[in-house]
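Right, one structure below, let's go through it.
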Amino acid sequence: MTSRTLRKRLHHGDVDGKKNEHLETSGSDDLNEPLLGNYYSDTHAEESSLEETCDDERRKEHLHWTLLFSQLVAQWARWLANIVLGSGSLIGRLLTFPSTTQNGKSTKLLAPPLSPLQEARLRKLRQRLEVPFDGSRVEHQDALLQLWKLAYPDKELPPLKSELWKQMGWQGSDPSTDFRGGGFISLENLIFFAQQYPESFQRLLHKQDGTRAEWEYPFAVAGINISFVLAQMLDLQSAEPTSLAGIRFVELLQEDEMAFDNLYCVAFQMMDAQWLAKRASYMEFNDVLKSTRSQLERELALEDVSSVKDLPAYNMLRR
């Protein structure tokens with residue numbers, strides 16, 4: 001079975017963790033028994049007192065050794081975890097990533113320490129996320145016009161406010177009003193998509209694949225939404241990632257500085273495939289986004305994914 005075939009298999013069950021085993025210890029049943037009455041003779045009372053003293057000594061000794069053994073086990077477990085987590089092996093991942101769900105609720109995970117390179121790239125990505133789109137800034141205006149050139153290389157550039165922008169999937173004549181929570185990075189994502197995967201970009205822009213709905217999703221606005229959903233899914237606004245998808249994404253940053261932008265392209269292509277599979281229409285766009293996020297989280301959890309190109313959905317992209 002090839003590695004590609006392995007990547008295409010969905011993992012059923014817990015991908016992101018192991019069940020925790022623990023040793024339950026309980027006190028002796030004697031401790032819960034009622035105290036003896038005083039109907040014994042004095043001799044019997046003395047013997048009983050001596051026996052109880054011995055029993056107490058034995059219990060104390062047993063308790064001492066149990067506590068000592070527990071401490072040794074805990075130290076051994078921490079030592080083993082440090083070795084395994086430092087190696088970055090698959091076993092390390094399993095120990096680091098316990099189950100993400102408990103009774104249907106997501107739980108926080110313990111992320112392994114970041115390398116200096118990961119920290120630097122994550123910091124740079126967060127800085128990009130903090131930049132809002134500003135229609136008054138020349139560099140933002142130029143980026144918007146660059147996107148038009150990439151989308152329609154044979155057409156003249158329109159004014160920054162024009163009904164022509166609706167052809168690309170902006171909701172009005174002024175694209176700057178559509179960015180909202182997406183920020184400038186969502187425009188950068190669209191430009192990256194057009195430059196790195198031009199064939200896929202053009203096919204999605206012009207809705208060339210499959211049987212389309214009468215009321216299609218607007219291409220540009222959908223792209224902004226995907227940027228926003230990705231940032232949420234990957235936990236990029238937190239001090240450190242605590243979701244499995246966020247932790248695995250930071251691992252991808254080690255190999256690819258543009259992992260977020262590449263993952264964006266995969267997510268956009270995946271969203272369109274979900275749209276076609278569901279035969280969705282405009283009012284179902286949010287449901288399609290949720291399905292896309294769930295599928296992307298499953299693929300990020302696959303054990304043999306060490307780069308964005310290892311994701312099964314990456315194979316749908318065309319350059």
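The values are calculated or read from the model by the stated rules, or taken from the named source; none is laboratory data. Since we're looking at a predicted model, the values are computed, not measured. Note that we place each Cβ from the backbone using ideal geometry, even for glycine, and neighbour counts take in every protein chain shown. The area values use the complete protein model at the heavy-atom level, side chains included, leaving out ligands, DNA and RNA. Shrake-Rupley method; radii C 1.70, N 1.55, O 1.52, S 1.80 Å.
Key figures
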{"item": "Looking only at the range 301-317, and only at residues there that are charged (D, E, K, R) and modelled with pLDDT of 95 or more, the one that is least open to solvent (accessible area, probe 1.4 Å)", "result": "D310"}
{"item": "Qualifying residue in the range 206-220 (condition: outside any loop (DSSP other than H, G, I, E, B) and surrounded by fewer than 20 Cβ atoms within 10 Å (Cβ to Cβ))", "result": "no"}
{"item": "Filtered residue count, the range 273-300, keeping only those that are part of a loop (DSSP other than H, G, I, E, B) and surrounded by fewer than 18 Cβ atoms within 10 Å (Cβ to Cβ)", "result": "2"}
{"item": "Residue within the range 146-153 that is farther than 30 Å from M316 by Cβ and in contact with a helix residue (DSSP H, G or I) (Cβ under 7 Å, 6 or more places away or on another chain) present", "result": "no"}
{"item": "Matching residues in the range 170-189 - criterion: being in contact with a Lys or Arg (Cβ under 9 Å, 6 or more places away or on another chain), farther than 20 Å from K207 by Cα and open to solvent by 10 Å² or more (accessible area, probe 1.4 Å)", "result": "S173, D174, S176, F184, E188"}
{"item": "Extreme residue, modelled with the highest pLDDT, among residues of the range 86-133 that are in contact with a Lys or Arg (Cβ under 9 Å, 6 or more places away or on another chain) and assigned to a helix (DSSP H, G or I)", "result": "R93"}
{"item": "Count of residues meeting criterion [open to solvent by less than 10 Å² (accessible area, probe 1.4 Å) and out of contact with any Asp or Glu (no Cβ under 8 Å at 6 or more places or on another chain)] in the range 249-268", "result": "12"}
{"item": "Residue match in the range 152-169 (condition: open to solvent by 30 Å² or more (accessible area, probe 1.4 Å) and either under 19 Å from N262 (Cβ atoms) or of a type in the set (S, T, Y) (or both))", "result": "no"}
{"item": "Residue satisfying all of: in the range 221-234; over 14 Å from L296 (Cα atoms) and in contact with a Ser or Thr (Cβ under 9 Å, 6 or more places away or on another chain); most open to solvent (accessible area, probe 1.4 Å) among these", "result": "F228"}
{"item": "Which numbered condition S186 misses (of (1) modelled with pLDDT of 95 or more; (2) touching a Gly at 6+ places or on another chain (Cβ under 8 Å); (3) among the hydroxyl-bearing types (S, T, Y); (4) in a loop (DSSP other than H, G, I, E, B))", "result": "(4)"}
